[in-house]
1. Name the residue from P193, A206, A243 whose Cα lies farthest towards the positive end of the charge dipole of the stretch 185-247, charges +1 on Cβ of Lys and Arg and -1 on Cβ of Asp and Glu.
2. Convert each backbone phi in the stretch 260-275 into a coupling constant with the Karplus relation 6.51 cos²θ - 1.76 cosθ + 1.60 (shift: θ = phi - 60°), then list the ³J(HN,Hα) values in order as whole Hz, x for Gly and Pro.
3. Top mean-square fluctuation among G286, G226, G140, Gaussian network model of the chain, C-alpha springs under 10 Å?
4. Can you compute the charge dipole magnitude of the chain about its Cα centre, using +1 on each Lys and Arg Cβ and -1 on each Asp and Glu Cβ, nothing else charged? Give it in debye, rounded to the nearest 20.
5. What number, rounded to the nearest 500 deg cm²/dmol, is the helix-based mean residue ellipticity at 222 nm of the chain, given -39500 (n - 2.57) per DSSP H run of at least four residues and division by all its residues?
6. Output the relative contact order of the chain, whole-number percent, from Cα pairs under 8 angstrom with separation of 6+ residues.
7. Sequence-distant or interchain residues sharing an amide H contact under 5 Å with A228, placed H: which?
8. Given +1 on the Cβ of Lys and Arg, -1 on the Cβ of Asp and Glu, and no further charges, what dipole in debye does the stretch 230-314 carry about its Cα centre, rounded to the nearest 20?
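Only the coordinates and a few stated rules stand behind these numbers; no lab work does. Remember, predicted model here, so these are calculated numbers, not experimental data. Note that each Cβ is placed from the backbone with ideal geometry, even for glycine, and that neighbours are counted across all protein chains shown.
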Amino acid sequence: MSLALVTMSHSPLLGYNDPAPEVKAEVDNAFASARAFVSEYDPTLVVSFAPDHYNGFFYDLMPPFCIGYEALGVGDYGTAEGPLNVPTGTAEKLAEWVAERDLDVAISRKMEIDHGAIQPLEILFGGIDTVPTIPVFVNGVAKPFTRMVRVRRLGEAIGSFLATLTDERVLVIGSGGLSHDPPVPQWATATEPQRALLLNGRHPTAAARDARQERVIQTGRDFAAGTATIQDLAPEWDRALMAVLASGDLSPIDAMNPTQMAHEAGNSAHEVRTWVAAFAALSAAGPYRVGYAYYRPIREYIAGFGVMTAQTAR
């Protein structure tokens, strides 16, 4: 068994609100570096930690964590729609392993996932069904948020299971963040139509999805122009977090406070939980080394945009 990692920001605005050509070239090069790393590693199994943006998980039932036994993409923002290649038997064993370690995790036999999970698979593999993939949902948008120590422990439990798969080359993906505050409604301040979406907005009409996406696209354009009212990006916060993750000592993560995270880095900075879970999973297999890291705050993508690769020491 060997274990490798790619963590990366995602953005629904890729291809819609591209930044200046030199910045887009940087991002493309970062993706190319991650793809080369993955191609050389040649994983036989992927475990993908990703959030959702009220496309698959809603307030009618919002778990902090969920392991997918089967999954399909919903096709938002032009991402792939349809089933992933999920090894159901392995996913079932993973969920049982985690439960036996006193971590409460939901399961889904029909998980619906959006661009947060799909985009990295498309970027790294060119499709969503090319490598067997177990999706792990980590809530990064809907209050209340579990403590960060629980996120770390979830990752460690999953990593300890992956360490038992002696015949596999496992790639863990953490998708989300970093600092950003896109126009996602908050329940406390949402209008009644917005609350209806947050409660159960599954399977919207094409017109409703297009209207929702256009609002985000326009916000990205306004943010780049300096006219949007959303919270600014937090590059120092982003770089500090990446430094902790690269250090191999994840204990400082436990002190991160959900309220403070939102205040300092935006409401959707909670997506960094996926990075924490992924690095914690990697750490459970032994010491690791970060091989590549890229970061730049990109207003057009409404994101502190980062990419990291790492692998357990051989």
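1. A206
2. Rounded to whole hertz, the list is 5, 4, 5, 5, 8, 9, x, 4, 8, 4, 5, 5, 5, 4, 5, 5.
3. G226
4. 340
5. Computed mean residue ellipticity for the chain: -12500 deg cm²/dmol.
6. Computed value for the chain: 31 percent relative contact order.
7. Those qualifying (amide H under 5 Å, at least 5 residues apart or on another chain) are F223.
8. Values: 6 positive and 8 negative charges, 73 e Å.
Value, rounded to 20: 360 debye.
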